[in-house]
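Below is one structure, written out as structure tokens, with a few remarks after it.
The values are calculated or read from the model by the stated rules, or taken from the named source; none is laboratory data. Everything quoted here is computed from the prediction, not taken from an experiment. Glycine also receives a Cβ, built like all others from the backbone with ideal geometry; neighbour counts cover every protein chain displayed. All accessible areas refer to the heavy atoms of the entire protein, side chains included, with ligands and DNA or RNA removed. Shrake-Rupley method; radii C 1.70, N 1.55, O 1.52, S 1.80 Å.
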Amino acid sequence: MDTDVLIVGAGPAGLTLGIDLARRGVDALVVERAQALFPGSRGKGFQPRTMEVFDDLGVVDAIHAAGGTYPIGMIWKNGERVGEHHMFDPAEPSEDSPYNRAWMVPQWRTQEILAARLAELGGEVAFDHEVVGVSQDDESVTAHLASGRTVRARYLVAADGGRSAVRRALGVGMTGETVDPGPTLVADVRINGLDRDNWHVFPPREGDDLLAVCPLAGTEDFQVMARFPEGADVDTSPDGVREVVAERSHIAAEDVTEVRWTSDFRPRAALADRFRSGRVFLAGDAAHVHSPAGGQGLNTSVQDAYNLGWKLDAVLTGSAPATLLDSYEEERRPVAAEMLALSTAVHRGEVRRGAATRQLGIGYRDSSLTVETRGAVDEGALRAGDRAPDGRVAGVRLFDAFRGPHWTLLALGTDAPAEDLGAVRVVRGPAHGAYGTGAFLVRPDGYVGWAAGTADGFAEYLSRIGLR
């Protein structure tokens, strides 16, 4: 056996999973077919829930330092500013939700930060390792590389993008739709004479289509996005990028001084028919492909990894049966479907980027891992399956208590067991505004797994779901 977990793909999902497993001491290897990390800014925004994940994984300070808030949109017409466009509905931070707004970091920088954290924890990325085939039996899965080598693992996680070679090798289909039949050009550029205080929007004029130029926080770059009509050929060369910018705005071609990265794509929404095939799991774009308009794809990908990491660890260490891994698809596929619908609705202008896009309302109330024993609970009150809010209890910040690979038992206004609970951390205190009174067992990924009026019975819950 070469490794316990083989992670295919060093994008945000693969690196996040690598970090989570490394901090748990799991033997895991991340392989990437390219010779270096992704160089562009295709994904550039983090929703508040993902910032909470990064808080737990120890990278939120670096993410904050590397980026900034999204600028206000500025609409141009004939070289003049004609109005502002607010991209996101405003939200104020609160005690239970300290991260209140989207945070911009270009994808290439995010991956540098995640790779550095992985290395700090003793993990690694093996570049120039292209997986072209997969075989498995009852005990292991073998990845076949383009070089002719093989890597064996107890489990494999395919985080190798929307064109996932692993997914195709497994024969898992994707069901979806074209969100926009026209292609979109995206490029990272340097521009002279354009301010960095606004996201510059140039609406369609006769004979052309939308152009948007966004300053990438923490860098000197701008991201150019240009839509084209169906059937158009997109020129992704530096001269092609300069030409489209000059044709659709007042910016001269020569003011685009550098074109650092380019790509083109056709926005679509697609969901893998399955998120698991035997010992292989699909995560990130390998499992779901979004329009970038809603800012949901990268965030959903990170949270796939965060959901799967603690479950793999529990099974590999023998503290839970392999059946725990069935809950990954059960929990994450409905969430991915919901986020796909949201991304598409934002793309089509049917909804704004508001509370739903922040992903703080995502939960697992219907999961087989969720147990709510309190009977009738007031509408709007916290229930088992919901995200566990932040706050302070008896002088302890809850996110500080949750941070790490353990479970946390909150005993609020009720007695907690006095005995040593091993890997379960206990926080005792009075009733709390976001939680009320009762006992709440918080999973390692920050969701309430079990809620009750008293702490009696939480050990029975752990046994019920197979955790020892």
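The distance between label points at Q35 and T317 comes to 4.0 nm (points 7 Å beyond Cα on the Cα→Cβ vector). Taking 0.36 nm per residue of sequence separation and removing the Cα-Cα distance, the E230/A246 pair yields an extension gain of 3.7 nm. In the context of the full set of protein chains, residues of the chain present 41 Å² of accessible surface per residue (probe radius 1.4 Å, heavy atoms only). Full extension of the chain between N100 and D273 yields a length gain of 59.0 nm, computed as 0.36 nm times the residue separation minus the alpha carbon distance.
Reducing segment 392-417 and segment 210-250 to their Cα centroids gives an inter-centroid distance of 49 Å.
Extension gain, R392-D378: 0.36 nm per intervening residue step, less the Cα-Cα distance, totals 2.8 nm. Counting Lys and Arg as +1 and Asp and Glu as -1 over every other residue whose Cβ lies under 15 Å from the Cβ of L324, the net charge comes to +3.
Loop-located trypsin sites (Lys or Arg not before Pro) in segment 310-348 (DSSP state not H, G, I, E or B) with no more than 15 neighbouring Cβ atoms inside 10 Å: R348. Measuring from centroid to centroid over Cα atoms, what is the spacing of segment 84-103 and segment 260-282 in Å? Cα centroid to Cα centroid, the span is 28 Å.
Dimensions of segment 1-142 based on its C-alpha atoms, expressed as ranges along the principal axes with the largest first, amount to 62, 41, 27 Å.
Rounded to the nearest 500, the 222 nm mean residue ellipticity of the chain from helices alone is -7500 deg cm²/dmol, with -39,500 (n - 2.57) taken per DSSP H run of at least 4 residues. Put a plus charge on the Cβ of each Lys and Arg, a minus charge on the Cβ of each Asp and Glu, and nothing anywhere else: the dipole of the chain about its Cα centre is then about 520 debye. Compute the angle between helix 238-248 and the longest alpha-carbon principal axis of the chain, please, reported from 0 to 90 degrees and rounded to the nearest 10. Its long axis makes an angle of about 80 degrees. Among A212, V179, A416, which residue has its Cα positioned farthest towards the positive end of the charge dipole of the chain, with +1 placed on the Cβ of Lys and Arg, -1 on the Cβ of Asp and Glu, and the dipole taken about the Cα centre? Working it through, the farthest residue towards the positive pole turns out to be A416.
Dipole magnitude of segment 84-166 about its Cα centre, charges +1 at Lys/Arg Cβ and -1 at Asp/Glu Cβ only, in debye to the nearest 20?
So the magnitude is around 380 debye.
Counting protein heavy atoms only, the chain has 46 percent of its accessible area on carbon and sulfur, 1.4 angstrom probe.
Enumerate the residues in segment 32-68 having an amide nitrogen under 15 Å from the point lying 7 Å beyond the Cα of A119 toward its Cβ. Once the point is set 7 Å along Cα→Cβ of A119, 36-38 turn out to lie under 15 Å by backbone N, inside segment 32-68. Annotation: peptides 431-439, 407-415, ranked by per-residue average of other Cβ atoms within 10 Å with the highest first, follow the order 407-415, 431-439. Mind giving me the FRET efficiency for A146 and F265? R0 is 30 Å, r the Cβ-Cβ distance, nearest 0.05 is fine. Rounded to the nearest 0.05, the efficiency is 0.80. In terms of accessible area, using a 1.4 Å probe and ignoring ligands and nucleic acids, S147, S97 rank largest first as S147, S97. Here segment 201-305 yields Rg over Rh of 1.07, to two decimals, using C-alpha coordinates and the Kirkwood radius.
Using heavy atoms of the protein chains and a probe of 1.4 Å, the accessible area assigned to H86 is about 100 Å². The residue among M339, G363, G446 whose Cα reaches farthest toward the positive pole of the charge dipole of segment 328-468, with charges on the beta-carbon of Lys, Arg, Asp and Glu, is M339. For the pair A423 and H86, label points projected 7 Å from Cα toward Cβ lie 4.5 nm apart. Binning the alpha carbon pair distances of segment 116-171 at 5 angstrom intervals from zero yields the distribution 4, 17, 24, 25, 17, 10, 3, 0, expressed in whole percent.
Here segment 105-171 and segment 426-460 have alpha carbon centers that stand 36 Å from each other.
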